[in-house]
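Read through the structure below, which is laid out as structure tokens, and then see the notes.
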Amino acid sequence: MERRVTRQVKVGNTYIGGNSPILIQSMLNTMTMNTEESVEQAIKIVDAGGELVRITAQGVREAENLKNIREEFRRQGYSTPISADIHFVPEAALEAAKWVEKVRINPGNFIDKRATFNKIEYTDEEYEQELMRLEVKFKEFLDVCRRSGAAIRIGTNHGSLSDRIMSRYGDTPEGMVEATMEFLRVCVKENFHNVVISLKSSICSVMVEAVRKLVSAMEREGMNYPLHLGVTEAGEGEDGRIKSALGIGTLLCEGVGDTIRVSLTEAPEAEIPVARRLVELLTTDSYDLRCSIDGEVLKARSTISDRDDAKLFLPAKLGAYLLSGKVKELILELPDLGDDFAKRLAQNILQAAGVKRFKTEFVSCPGCGRTLFDLQKAVAEVKQEFNTPALSSLKIAVMGCVVNGPGEMGDADYGYVGAGSGKVNLYKGKKLVEKAIPESEAIERLKLLMRRNGENI
Ligand code: SF4
């Protein structure tokens, strides 16, 4: 696998891009104001092999506390760089840049407000004015980062594009690319190059297409910033691993990707060995693979002998075929793993690629400092109740917060979204239908909502 040549970005005591190895990272799900628990979890991530830890900073107060977290983390002997995760509050980004080695901002909400999903028309003049407003605020942020030495990530998400971008491009890969390029052009103009980029979606085909298009757009404009890869809301367990491997692995196989995060609705440190193994499998000749295409049927044969490896290696290696739109069936021949396993894995890979649906699809975010309820328990309960053949055509989202959850759950049919301590909001598509209901009643109320909408439950 020949890696795309990118600029090398210094992040604290490490590097992303250039000829540095692919960096593995994860994100805390503790409360950012709880210094002790945050440091404890950051240490678990590093001890598991994580090379960068990200922490959400919802506001200036949390951004200020990054100073305490960093100091305590360093005091305990850990030098791993910390990244802050900022949405909606540019002042928090300015504050965070003083304390941590990297700050992620989201072009969809750095200056722009939350998307209303209403069709808003912008005249060329209004669009230009918004871009100028963006440039002023973003430049202020870059100046702070320049002084402190912090790197930045321009982290675009499919589910949180601004109204301005949506008005011209819709929530498309092209929209994700342009949302990112608007910020990158300011970086170039300001001669600020400590920049990493990500374009994420919970839909693998969208994520892969967006990243490929961004790479071309950057090449056209003479840029070569390194890329952070991830599939958002991939869920947990086997399905979460397969989906992440498919999205991230497809691009890694094309030589694209300098740092990765496998987002799982599990303990953050559980993400690290999955990410590490995925990279290992794709950078060494671990297993053989023979592929042939007959019409719309992809046949693949491998003597892979480890089930966990198969769930990473095969989706990653077959992703490009499956996301091409030309393949409708997958037949796996895995003599060392048995026909039943091969058949089930083929179905799960086809579903992760969005080619075919065999069972209810669940999407869930990994949770972060904005999550005020037991997300992993909620996912387990929702799966237990709704994973039935009668609901196999549905996509159900379980999200940790109302700030980003509703936008990021993409095209889910129903959403179960944390709305504060022990409270849940229920969505039908993007429409909020039940607000702040007690968590203990949420499953039953979701069932009722589904029945009212004609679902067979
Ligand atoms: S959707 Fe989940 S991961 Fe994203 S900000 Fe909300 S709680 Fe955090």
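Taken together, the values in this text are just the output of simple stated rules run on the coordinates, not laboratory data. Owing to the predicted nature of the structure, the values given are computational and were not obtained by experimental measurement. Ideal geometry is used to build each Cβ from the backbone, glycine not excepted, and the neighbour counts take in all protein chains shown.
For this structure, a couple of remarks:
- Available extension along the chain between Glu333 and Glu280 is 16.8 nm, counting 0.36 nm per residue and deducting the alpha carbon span.
- The translational diffusion coefficient of the range 35-184, from Stokes-Einstein at 37 °C and 0.692 mPa s with a Kirkwood hydrodynamic radius over alpha carbon pairs, comes to 202 µm²/s.
- Each of Lys299 and Glu238 was given a label point 7 Å from its Cα along the Cα-to-Cβ line. The distance between the two points is 2.5 nm.
- The range 101-175: C-alpha gyration tensor shape, a/c 1.5 cut-off, then a/b vs b/c: oblate
- The stretch between Ala217 and Lys326 holds 36.7 nm of extra length on full extension. This uses 0.36 nm per residue minus the Cα-Cα distance.
- Between the range 66-96 and the range 301-343, the Cα center-to-center distance that results, in Å: 40
- Magnitude of the charge dipole for the chain, about its Cα centre and with charges confined to Cβ atoms of Lys, Arg (+1) and Asp, Glu (-1), is about 260 debye.
- Over the range 9-283, Cα pairs under 8 Å with separation of 6+ residues give a relative contact order of 20 percent.
- Whether the range 9-283 is rounded, prolate or oblate, judged on the alpha carbon gyration tensor where a/c under 1.5 counts as rounded: oblate
- Here the contact order of the range 103-227, divided by its residue count and restricted to Cα pairs under 8 Å and six or more residues apart, works out to 30 percent.
- Entries of Lys243/Lys317; Lys317/Lys383; Lys395/Lys447; Lys213/Lys359; Lys139/Lys189 with Cα pairs more than 19 Å apart: Lys317/Lys383; Lys213/Lys359
- Pairs of Cα atoms nearer than 8 Å and 6+ residues apart set the relative contact order; for the range 361-452 it is 24 percent.
- Pairwise centroid distance, computed over Cα atoms, of the range 14-50 with the range 359-386, Å: 22
- Cα gyration tensor shape of the range 231-359, rounded if a/c is under 1.5, else prolate or oblate by comparing a/b with b/c: rounded
- Per residue convex hull volume, Cα atoms of the range 361-452, in Å³: 81
- Rounded to the nearest 500, the helix-only mean residue ellipticity at 222 nm of the chain stands at -13500 deg cm²/dmol, with each DSSP H run of n ≥ 4 adding -39,500 (n - 2.57).
- Potential lengthening between Lys343 and Arg133 on full extension [0.36 nm per residue; Cα-Cα distance subtracted]: 70.3 nm
- FRET efficiency estimate (nearest 0.05) - Cβ-Cβ, Phe358 to Glu174, R0 35 angstrom: 0.70
- Remark on the range 290-352: ratio of C-alpha radius of gyration to 2.2 N^0.38 Å is 1.00.
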